[in-house]
Amino acid sequence: MSNDSVSILQTFRDPLIGLPLSHLWRGAGSAIFLEFGRLASRRRRDGTLGNPRGEFGLMIEWSWRIEDSTSILCGSWSEEPLWETTFDLVRNKSLSELSIVGRLPEIVVALSDNLFVSSFMTAEGDPAWALFDRREAILRTLSVRQGRLELET
């Protein structure tokens, strides 16, 4: 990773350390959303309540897996009834490390109790994840474009 990429990652990583995974929800298809820190309610366009948003959020479109220290517990290709019980294992765990791995940047979230959530794209294109910093009035998003980390505001 370049020095710029390391610096960008640090601006997200440092304030995330110690925050709880306050909410985890499933989006369309196999997409998952991890919400960290204090939650804020949100409304859908039709006025109904939507999933709350955390101070930070991580969207992994596909593919993903949840691991403990010795095995894969569940992944985007697992039987769906296994998903919710595995999601319950990681909810409310504290974020202990955030890292980028691989030649093409994949994200790994290390949680307390030796639990991990990892992205790993299995199709053409870029890894399909995005990290959101919602603490300020201006949303900052870290994602992958053309094989490199990209920061958007």
| query | Based on what the data block shows, is Arg45 farther than 20 Å from Val144 by Cβ, out of contact with any strand residue (DSSP E or B) (no Cβ under 6 Å at 6 or more places or on another chain) and at pLDDT below 95? | reply | yes
| said: Regarding the range 72-80, can at least one residue be identified that is of a type outside the set (Gly, Ala, Ser), within 25 Å of Pro15 (Cα to Cα) and either out of contact with any strand residue (DSSP E or B) (no Cβ under 8 Å at 6 or more places or on another chain) or buried (at least 16 other Cβ atoms within 10 Å of the Cβ) (or both)? | reply: no
| request: Restrict the check to the range 34-42 and report whether at least one residue is under 23 Å from Ala137 (Cα atoms), charged (D, E, K, R), surrounded by 12 or more Cβ atoms within 10 Å (Cβ to Cβ) and at pLDDT 95 or above. | output: yes
| remark: The condition of being out of contact with any Pro (no Cβ under 6 Å at 6 or more places or on another chain), of a type in the set (Val, Ile, Thr) and more than 17 Å from Leu115 (Cβ to Cβ) holds, among Thr86, Thr48, only for Thr48
| request: Would you be able to tell me the number of residues in the range 118-139 that are surrounded by 10 or more Cβ atoms within 10 Å (Cβ to Cβ) and free of Cβ contacts under 8 Å to residues at least 12 places away in the same chain? | output: 1
| Restricting the range 1-17 to residues that are outside any helix (DSSP H, G or I) and either charged (D, E, K, R) or surrounded by 12 or more Cβ atoms within 10 Å (Cβ to Cβ) (or both), the residue that is modelled with the highest pLDDT | Ile17
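The values are calculated or read from the model by the stated rules, or taken from the named source; none is laboratory data. Worth saying up front: this structure is predicted, and the values here are computed from it rather than measured. All Cβ positions, glycine included, derive from the backbone under ideal geometry; neighbour counts span all protein chains shown.
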